[in-house]
Amino acid sequence: MEENKNNDVTIRAAIIGSGPAGFYAADHLLKQKDFNCKVDVFDRLPTPHGLVRSGVAPDHQKIKSVTRVYDKIASHPSFRFFGHVEFGKHITLEDLKRHYHVIIFATGAQTDRKLNIPGEDLTGSHTATEFVAWYNGHPDYRDLEFDLSQKSVAIIGVGNVAVDVARILCRTIEELRETDIADYALSALEKSKVRDVHMLGRRGPMQAAFTNPEVRELGKLLDAQVVTLPEEIELDEFTLDSLETNKDQTAINKLEILKSYAEHDTGEKTRRLHIRFLVSPVEIIGDENGRVKAIRLVRNELYKSEDGSIRSRPTDKYEEIDVGLVFRSVGYRGVALPGVPFHERWGVINNEKGRVLDPETREHVQGLYAAGWIKRGPTGVIGTNKQDSAETVKCIAEDVKNGNINTPSEHDSETIEKLIKKIQPDYVTYDDWLKLNKLEMEKGEAEGRPRVKYTTVSEMLKALKAKEDNTVDG
Ligand code: NAP
C-alpha cells in the first residue's frame, strides 16, 4: 500500500468487466473514506457498459440512459479504462497480481444454460442470448444468421429476455427504426416473414419470470396481438393457496394482464404472440436436412415441492407445434476465467459475499473478489448490481483495514500502462470511447435514430484513427 501526502492509504484495484457491476464497484471504491483507490477497468471489447450496450433491448432506450451515470464515474481522476484488453489473452492473473492490491471479476454471465433435449443443436435452434447480442451489434455475434423467412417461431422460457426477443420479432419495421438496433439486424428484420411467435412457460402464469411492466408493454405492440389461452391462465389449487396467504398484489396484477390477453383478439393485427403456460419442450424436431421443423411439448401439472415452491412435472399429454426457428431463453450462465476458482454446477466464481474462495480450503484467495452475475448468478435488474457491488467493496474495505490484501511487486500505476501499450497497442481509453459514442450518435442523428452502432472492432479502431488523424491535421 502507498502512503499519499495526507498519510492516507492508497490501493490500486483492477476490475475485469465494464458492465454495470464493474462500474458500480468502481464507484464504491472511489467513494471510500478510509482509503484512496486508483481504479483500472478492463474490458475485452473496445466499448464499455457490458449488457447495457449489448443486452438491453434496443427499444428500451430509457434504460440505457444509465450510461450517463457510468460516464460520471469514469470522469473521476483516479479512474482509467483499458478497453480491447482481454483477461487471459493480453493480461494474466499473474500480471494483475504484480500490479494491483485487489482484483474484482465482474465478467457477467457470457453463455446460456442448456435444455438437454434432443434436437437442441439443430440448424435453426439458437440461444436467445445469441440473438440478443446479434441484434444489439455485439462484434462477436454480428455474423450469425437467423432464418427470419420462417412464419412460426418458438421461444422457450418466459423471463424478461424471452419477452425482449418476442418484442423484437413482433415489432414493425417503423417501430424498430426508432431504436439503436444494429443496421444489419434492421435490414434482416425488414424482410422478416415471422407471423406467429410462441413463448413457452413450463409453469403457470403466476410463476412466470417476466415482470409486469414488460408483459404489459406487449399489449401495446403496434401490429402484434398477444394471445393467452383461458384454460392455461386458470389457477391451480397450490397457486390459489399461496395467493390467499400472501395476497401478492404484483402477482394478482400479472394475472389480470394475462387474462386481458385471453379476451381481446380482434383479429386485426398481422402477427400473433402466443404466451403459453404449463408446457415443456421435450424435443426439437428436424427435417431431413437437419433443420428445425417443429417442437414437441409435454403438458405439465403443478405440485408443491418439499421446500414449498411450486414446480412443474410432466403429464402423459403431448402436442406438437410447427416452427422453423427456436430461441432457447432459459437463463444465462457464467464462464470460468483462467486461474480463478469456479463453481461448475452454479456457473459462478466460488465466493462468499464477493470474496473469492479456494474450493478446497474455503479460505479467501487474498486480493481476489467478484461482483455482479459472475458472483451471484444471472438474476436481477441493472440496479441490483449496485447493492451487489457495495457488498463486495465492503469486504474489500474490511480487508484493507486488516491488511489482508494482495501485495503487488510493482509500486505505481504507470507500469501496467506500459505493459498494456506493449502487449495491446490498440487499447482503448474512456476518452476514446466518448469519441466513438459521439460518432455513433452523430450517425444516428443523421438517420433520425438514437445512434447507429459500430459493430466490428476494426471499424471502431479505424474511426478512432481517422478522428486522431483529423485532429493532428488540424
Ligand atoms: P430468467 O428470468 O431466469 O427466466 C428464465 C426462464 O426460463 C424462466 O421462465 C424459467 O422457468 C425458464 N426455464 C429455465 N429452465 C427451463 C427449462 N429447462 N425448460 C423450460 N423453461 C425453463 O432469465 P432471463 O429471462 O434470461 O433474464 C435474466 C435476468 O435479466 C432476469 O433477472 C431478468 O429479469 C433480467 N432482465 C431484465 C430485463 C428488464 O428489466 N426489462 C430485460 C431482460 C432481462 P422457471 O421459472 O420455471 O424456472
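Fully extending the segment from ASP8 to ALA446 would add 152.7 nm, taking 0.36 nm per residue of separation and subtracting the current Cα-Cα distance. When the listed pairs LYS114/LYS193; LYS386/LYS453; LYS386/LYS435; LYS31/LYS386; LYS438/LYS465 are checked against a 25 Å cut-off, the alpha-carbon distance exceeds it for LYS114/LYS193; LYS386/LYS453; LYS386/LYS435. Applying a threshold of 19 Å to the alpha-carbon distances of LYS33/LYS418; LYS38/LYS72; LYS72/LYS443 flags LYS33/LYS418; LYS72/LYS443 as lying beyond it. DSSP bridge analysis restricted to the chain gives an antiparallel fraction near 40%, rounded to the nearest 5. Going 7 Å from the Cα of LYS422 in the Cα-to-Cβ direction, what parts of the stretch 71-99 have a backbone nitrogen less than 20 Å from that spot? So the set is 82-99. About the centre of its Cα atoms, the stretch 146-240 shows a dipole size close to 220 debye [charges on the beta carbon of Lys, Arg (+1) and Asp, Glu (-1) only; nearest 20 debye]. Only aspartates and glutamates eight or more places from LYS220 in sequence, or on another chain, were considered; those with a Cα closer than 12 Å are GLU175.
Farthest towards the positive end of the charge dipole of the chain, among the residues ALA251, ALA294, ALA370, is the Cα of ALA370, using unit charges on the Cβ of Lys, Arg, Asp and Glu. Note on the chain: dipole from Cβ charges, positive end direction compared against PHE342, SER187, HIS84; the farthest Cα belongs to HIS84.
No value in this document is a laboratory result; all are computed from the given coordinates. Since this is a predicted model, take the numbers as computed values, not measurements. Don't worry about glycine lacking a Cβ; one is built from the backbone with ideal geometry, like all the others, and counts go over all protein chains shown.
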